[in-house]
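J.: Questions regarding the structure given below will be posed in turn.
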Amino acid sequence: MLIKQLSVFIENREGRLLEVTDVLAKHDVNIVTLSLADTSEYGILRIIVSDPEKGREVLKEAGISAKFTEVIAVQVPNKSGELQHILKVVSDAGSNIEYMYVLSTGINSSVIVKVTDTLPVIEALKKSGVTMYTAEEVYRFQA
Amino acid sequence: MIWNETKECMSRDEIQTLQSARLVKMVNRVYHNVEFYRKKMQQMGLEPGDIQGIEDITKLPYTTKDDLRDNYPFGLFAVPESEIVRVHASSGTTGKATVVGYTRRDIEMWSECVARVLTMGGVGRNDKVQISYGYGLFTGGLGAHYGAENVGAMVIPLSTGNTKKQITLMEDFGVTTICCTPSYLMYLTEALEDAGKVDKIKLKSAICGAEPWTDGMRNEIERRLGITAYDIYGLSEILGPGVAGDCEHHTGLHVYEDHFVPEIIDPKTLQPVKEGTVGELVFTTITKEALPLFRYRTKDLTSISYDKCPCGRTMARLSRFQGRSDDMLIIRGVNVFPSQVEAALLELGGVTPNYLLVVDRINNLDTLEVQVEADDNFNFDEIRELENMTKKITRTLEQALGIAAHVKLVEPKTLARSEGKAKRVIDNRKLL
Ligand SMILES: [Zn+2]
């Protein structure tokens, strides 16, 4: 259930984001989903790719530092109250959500979630009947 | 091991006696052979006979880099050109280059001084020494090269650049010592780490010089490479590398006072300062044949102490360099040395000691931006952490410098690495 996300620190300068996506595309590393958090001077690009190890390696060769961060991919059925339910489970497990962003998976929505304490949250979500994607499933998604 | 115990461990009395005899001889020789100094002494009403011993050194006129430039190329040489066996020159970024010359005996003395420094750094005949200073007009490469040959080491003259090859030969040859600038060693450290070669090399020491560095940077390099790093000091006008060096106790740079007499002066009043006080370092050469200089102003800021070092050497020791009087930036009226920034960053951790100071003047107010590289090991997954880091650096720098700076985190390994002297400052102020 643990998904390896690549976190890339990038300065806010023209073309930098393009460089990152360029390197990945050139090496056939598919971007499954991404989110960009930024300030006026720099940003953090968070990406889920088809092959995290290879992704990190090719970025490093291009002089771009990427770190692995463990996240989970949670399915959110298209019904009211579902997201609220998930948030409560996380909170009851004693964890906080640090950030989340959408993973597009067809009819149902899913979210990539970074919590403070991943393993207990996975257990709690499982117990409460929430479905999560495995890493293999996530890396294979084609947008 | 001490290369030349007779000289390096003389008593203070013996040193002064030797210096007095050499100074008197040298003043006579210079007066008769160098028109520039003869005229200067005549203007001051000073005769060679007025210099009776080392205590009279303060009567001599100062020499500056401009004097060398004004007498470009060979005007200050004290021997006929036929006696010169080598010249070196400094890059003339501002105006003309300064040219320095050596007789055969000067080269021998130089090799002796470098051999003393290398021996202090534990280098001997069983060592393999990679010289990664530039060869050519710059004194670093050939200076270190001759000294390393003198101690009988196996010398690998790689010069600068081509880091991949440097690493390959370092591994293949089993290099034990490297001579290079501290900023290049830092660069090489990162390259070795990236290539996963740190455990594969046999390096045990580094002899670094040609630019100022801090104890923090030394410790950082020592820790990451598992080596001991030594300091070698010199300047081409006086000799090149080998004017001074530090021993395993790292108590300061031991100056070879049998060849160079150091003084510390107040750069404003030009008066000597009390022992232990920081001021501008001034050197008088007392054995150089080709280019003897009186009281050459180095612009380097340091202090001197004369007590004996635990290693047994008795010669004067220079403390860590505080910067150069001409590296000093005056920002909003406050004196700022780039080395202070480096020291503060190393103390902090989480960032690399690579930095760039950008000084500007906006609406008549000086601004200082400090660009700092996020450490490759720093976990930058959250904006909040990056912001905390930036705040921490800002606070630390403000305390260290006494002025507020705008801290800008930049991507790891994006600030220019230099294989020679590192460029740390961009001053965009348009001063009238
Ligand atoms: Zn010592």
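The values are calculated or read from the model by the stated rules, or taken from the named source; none is laboratory data. What you see is a predicted model; the values in this text were computed from it and never measured. Cβ placement follows ideal geometry from the backbone for every residue including glycine, while neighbour counts extend to all protein chains displayed. Accessible surface is based on the protein model in full, side chains and every heavy atom, while ligands, DNA and RNA are left aside. Shrake-Rupley method; radii C 1.70, N 1.55, O 1.52, S 1.80 Å.
J.: Before we move on, is B:TYR133 within 16 Å of the chain's Cα centre (by Cα), assigned by TED's automatic domain parsing to the domain that holds B:SER236, of a type outside the set (Val, Ile, Thr) and not in a helix (DSSP H, G or I)?
T.: Working: within 16 Å of the chain's Cα centre (by Cα): yes; assigned by TED's automatic domain parsing to the domain that holds B:SER236: yes; of a type outside the set (Val, Ile, Thr): yes; not in a helix (DSSP H, G or I): yes.
For B:TYR133, the condition - within 16 Å of the chain's Cα centre (by Cα), assigned by TED's automatic domain parsing to the domain that holds B:SER236, of a type outside the set (Val, Ile, Thr) and not in a helix (DSSP H, G or I) - is met.
J.: Return the residue satisfying two criteria in turn: it lies in the range A:101-124 and is farther than 15 Å from A:VAL138 by Cβ, part of a helix (DSSP H, G or I) and not small (Gly, Ala, Ser), and of such residues it is most open to solvent (accessible area, probe 1.4 Å). Talk me through it step by step, then tell me what you get.
T.: In the first step, residues of the range A:101-124 are kept if they are farther than 15 Å from A:VAL138 by Cβ; the result is A:107, A:115-117, A:119-121, A:123-124.
Those still in the list that are part of a helix (DSSP H, G or I) too: A:119-121, A:123-124.
Filter again for not small (Gly, Ala, Ser), leaving A:119-121, A:123.
Values: A:LEU119: 110, A:PRO120: 56, A:VAL121: 1, A:GLU123: 93 Å².
Taking the candidates together, the pick is A:LEU119.
J.: Continuing with the same structure: Can you tell me which residues in the range B:237-255 are in contact with a Leu (Cβ under 9 Å, 6 or more places away or on another chain), within 14 Å of the ligand (Cβ to nearest atom) and not β-branched (Val, Ile, Thr)?
T.: Once the filter is applied, which keeps residues that are in contact with a Leu (Cβ under 9 Å, 6 or more places away or on another chain), within 14 Å of the ligand (Cβ to nearest atom) and not β-branched (Val, Ile, Thr), the range B:237-255 yields B:ALA244, B:GLY245, B:ASP246, B:GLY252, B:LEU253, B:HIS254.
J.: Can you find even one residue in the range B:73-92 that is assigned by TED's automatic domain parsing to the domain that holds B:ALA144, at positive phi, touching a helix residue (DSSP H, G or I) at 6+ places or on another chain (Cβ under 7 Å) and away from the ligand (no atom under 16 Å from the Cβ)? Give the derivation first.
T.: Of all residues in the range B:73-92, those assigned by TED's automatic domain parsing to the domain that holds B:ALA144 come to B:73-92.
Now narrow it down to the ones that are at positive phi: none.
No, the conditions are met nowhere in the range B:73-92.
J.: For the range B:412-419, indicate whether the set of residues that are touching a helix residue (DSSP H, G or I) at 6+ places or on another chain (Cβ under 6 Å), among the aliphatic types (A, V, I, L, M), under 21 Å from A:TYR42 (Cα atoms) and surrounded by fewer than 21 Cβ atoms within 10 Å (Cβ to Cβ) is non-empty. Reasoning before the result, please.
T.: Taking the range B:412-419 first, the residues touching a helix residue (DSSP H, G or I) at 6+ places or on another chain (Cβ under 6 Å) are B:417-419.
Checking the rest, the ones that are also among the aliphatic types (A, V, I, L, M) come to none.
No - not one qualifying residue is present in the range B:412-419.
J.: If you don't mind, another one. Select from the range B:328-342 the residues that are among the aliphatic types (A, V, I, L, M) and surrounded by fewer than 19 Cβ atoms within 10 Å (Cβ to Cβ) and write down the one among them that is nearest to the ligand (Cβ to nearest atom).
T.: Filtering the range B:328-342 for residues that are among the aliphatic types (A, V, I, L, M) and surrounded by fewer than 19 Cβ atoms within 10 Å (Cβ to Cβ), the one nearest to the ligand (Cβ to nearest atom) comes out as B:MET328.
Residues checked against (1) in contact with a strand residue (DSSP E or B) (Cβ under 6 Å, 6 or more places away or on another chain); (2) within 25 Å of B:CYS9 (Cβ to Cβ):
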| residue | (1), (2) |
| --- | --- |
| B:PRO262 | yes, yes |
| B:GLN271 | no, no |
| B:GLU280 | yes, no |
| B:THR284 | yes, yes |
| B:ALA290 | yes, no |
| B:ILE304 | yes, yes |
| B:CYS311 | no, yes |
| B:THR314 | no, yes |
| B:SER319 | yes, yes |
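J.: Further, regarding this structure: For the range B:171-208, which residues satisfy the criterion of being touching a residue at least 60 places away in the same chain (Cβ under 8 Å), open to solvent by less than 40 Å² (accessible area, probe 1.4 Å) and within 18 Å of B:LYS423 (Cβ to Cβ)?
T.: Once the filter is applied, which keeps residues that are touching a residue at least 60 places away in the same chain (Cβ under 8 Å), open to solvent by less than 40 Å² (accessible area, probe 1.4 Å) and within 18 Å of B:LYS423 (Cβ to Cβ), the range B:171-208 yields B:THR181, B:SER183, B:TYR184, B:MET186, B:GLU190.
J.: Specify which of the listed residues (A:VAL23, A:VAL49, A:VAL58, A:VAL71) is modelled with pLDDT of 90 or more, surrounded by 15 or more Cβ atoms within 10 Å (Cβ to Cβ) and within 20 Å of B:ASP375 (Cα to Cα). Before you say what the answer is, go through the steps one by one.
T.: Working: A:VAL23 fails: within 20 Å of B:ASP375 (Cα to Cα); A:VAL49 fails: within 20 Å of B:ASP375 (Cα to Cα); A:VAL71 fails: within 20 Å of B:ASP375 (Cα to Cα).
The unique qualifying residue is A:VAL58.
J.: Of the conditions (1) at pLDDT 95 or above; (2) within 30 Å of B:ALA229 (Cα to Cα), B:SER82 clears all except one; give me its number.
T.: (2)
J.: Of these, A:SER91, A:SER110, A:SER65, A:SER40, which one is under 30 Å from B:GLU387 (Cβ atoms) and touching a Pro at 6+ places or on another chain (Cβ under 9 Å)? Explain how you work it out, then say what you get.
T.: Numbers: A:SER91 fails: touching a Pro at 6+ places or on another chain (Cβ under 9 Å); A:SER110 fails: touching a Pro at 6+ places or on another chain (Cβ under 9 Å); A:SER40 fails: touching a Pro at 6+ places or on another chain (Cβ under 9 Å).
Exactly one residue qualifies, and that residue is A:SER65.
J.: May I ask you to verify whether B:ASP66 is free of Cβ contacts under 8 Å to residues at least 60 places away in the same chain, surrounded by fewer than 16 Cβ atoms within 10 Å (Cβ to Cβ) and within 25 Å of B:ASP300 (Cβ to Cβ)? Explain how you work it out, then say what you get.
T.: Details: free of Cβ contacts under 8 Å to residues at least 60 places away in the same chain: yes; surrounded by fewer than 16 Cβ atoms within 10 Å (Cβ to Cβ): yes; within 25 Å of B:ASP300 (Cβ to Cβ): yes.
So B:ASP66 passes the test.
J.: Also, I was wondering about something else. Right, B:SER91: out of contact with any Leu (no Cβ under 7 Å at 6 or more places or on another chain) and at pLDDT below 95 or not? If you could, list the steps in order and put the result at the bottom.
T.: On the way: out of contact with any Leu (no Cβ under 7 Å at 6 or more places or on another chain): yes; at pLDDT below 95: yes.
Spelling it out, B:SER91 is indeed out of contact with any Leu (no Cβ under 7 Å at 6 or more places or on another chain) and at pLDDT below 95.
J.: Related question: Please determine, by comparing only the residues of the range B:259-307 that are of a type in the set (Lys, Arg) and exposed (fewer than 15 other Cβ atoms within 10 Å of the Cβ), which one is nearest to the ligand (Cβ to nearest atom).
T.: Residues of the range B:259-307 of a type in the set (Lys, Arg): B:268, B:274, B:288, B:295, B:297, B:299.
Next cut, exposed (fewer than 15 other Cβ atoms within 10 Å of the Cβ) only: B:268, B:274.
Numbers: B:LYS268: 32, B:LYS274: 23 Å.
Per the stated criteria, the residue is B:LYS274.
J.: Only one of B:SER325, B:SER319 is open to solvent by 20 Å² or more (accessible area, probe 1.4 Å), within 16 Å of the ligand (Cβ to nearest atom) and either away from chain A (no Cβ under 14 Å) or within 14 Å of the chain's Cα centre (by Cα) (or both); which?
T.: Working: B:SER325 fails: within 16 Å of the ligand (Cβ to nearest atom).
From the options B:SER325, B:SER319, the qualifying one is B:SER319.
J.: Still on this structure, please answer the following. What are the pairs with Cβ atoms under 6 angstrom where one residue, in the range B:281-310, is over 15 Å from B:ASP258 (Cα atoms) and among the aliphatic types (A, V, I, L, M) and the other, located anywhere, is within 16 Å of the ligand (Cβ to nearest atom) and not in a strand (DSSP E or B)? Sequence gap at least six, or different chains.
T.: B:ILE304/B:ALA316
J.: Identify the single condition in (1) under 25 Å from B:ARG384 (Cβ atoms); (2) open to solvent by 60 Å² or more (accessible area, probe 1.4 Å); (3) of a type in the set (Asp, Glu) that A:GLU137 does not satisfy, given that it satisfies every other one.
T.: (1)
J.: Just give me the residues in the range B:388-404 being within 14 Å of another protein chain (Cβ to nearest Cβ) and open to solvent by less than 20 Å² (accessible area, probe 1.4 Å), in sequence order.
T.: Within the range B:388-404, the subset within 14 Å of another protein chain (Cβ to nearest Cβ) is B:388-391, B:393-394.
B:MET389, B:ILE393, listed by residue number.
J.: If the requirement is being free of Cβ contacts under 8 Å to residues at least 24 places away in the same chain, of a type outside the set (Phe, Trp, Tyr) and within 14 Å of chain B (Cβ to nearest Cβ), which of these qualifies: A:GLU98, A:GLU82? Quick ask: steps written out before the conclusion?
T.: Details: A:GLU82 fails: within 14 Å of chain B (Cβ to nearest Cβ).
Result of the check over A:GLU98, A:GLU82: A:GLU98.
J.: Considering each of B:SER90, B:SER82 in turn, give the residue that is in contact (Cβ under 8 Å) with a residue 24 or more places away in the chain and small (Gly, Ala, Ser). Give the steps one after another, and end with the answer.
T.: Values: B:SER82 fails: in contact (Cβ under 8 Å) with a residue 24 or more places away in the chain.
Going through B:SER90, B:SER82 in turn, just one is in contact (Cβ under 8 Å) with a residue 24 or more places away in the chain and small (Gly, Ala, Ser): B:SER90.
J.: Scanning for something in contact with a Cys (Cβ under 7 Å, 6 or more places away or on another chain) and either buried (at least 16 other Cβ atoms within 10 Å of the Cβ) or not charged (D, E, K, R) (or both), does the range B:108-128 turn up at least one residue?
T.: First, the residues of the range B:108-128 that are in contact with a Cys (Cβ under 7 Å, 6 or more places away or on another chain): B:120.
Then keep just the ones that are either buried (at least 16 other Cβ atoms within 10 Å of the Cβ) or not charged (D, E, K, R) (or both); that gives B:120.
Yes, some residue in the range B:108-128 is in contact with a Cys (Cβ under 7 Å, 6 or more places away or on another chain) and either buried (at least 16 other Cβ atoms within 10 Å of the Cβ) or not charged (D, E, K, R) (or both).
J.: Still on this structure, I have one more. Starting from residues that are of a type in the set (A, V, I, L, M, F, W, C) and touching a strand residue (DSSP E or B) at 6+ places or on another chain (Cβ under 7 Å), keep the ones in the range A:88-100 and report whichever is surrounded by the fewest Cβ atoms within 10 Å (Cβ to Cβ). Please lay out each step first, then the result.
T.: At the first step, the residues of the range A:88-100 found to be of a type in the set (A, V, I, L, M, F, W, C) are A:89-90, A:93, A:97, A:100.
Next, from what is left, pick out any that are touching a strand residue (DSSP E or B) at 6+ places or on another chain (Cβ under 7 Å): A:90, A:97, A:100.
Numbers: A:VAL90: 24, A:ILE97: 15, A:MET100: 19.
This residue is A:ILE97.
J.: Next up: Test of understanding: among B:GLY45, B:GLY53, B:GLY75, B:GLY49, which residue is over 15 Å from B:THR287 (Cβ atoms) and in contact with a Ser or Thr (Cβ under 6 Å, 6 or more places away or on another chain)?
T.: Values: B:GLY45 fails: in contact with a Ser or Thr (Cβ under 6 Å, 6 or more places away or on another chain); B:GLY75 fails: in contact with a Ser or Thr (Cβ under 6 Å, 6 or more places away or on another chain); B:GLY49 fails: in contact with a Ser or Thr (Cβ under 6 Å, 6 or more places away or on another chain).
On inspection, the qualifying residue turns out to be B:GLY53.
J.: Follow-up question, since we're still on this one. When you look at A:SER7, is it at the interface with chain B (Cβ under 10 Å from one of its Cβ atoms), in contact (Cβ under 8 Å) with a residue 60 or more places away in the chain and surrounded by fewer than 22 Cβ atoms within 10 Å (Cβ to Cβ), yes or no? Break it down into steps so the answer makes sense when it comes.
T.: On the way: at the interface with chain B (Cβ under 10 Å from one of its Cβ atoms): yes; in contact (Cβ under 8 Å) with a residue 60 or more places away in the chain: yes; surrounded by fewer than 22 Cβ atoms within 10 Å (Cβ to Cβ): yes.
Yes, satisfied.
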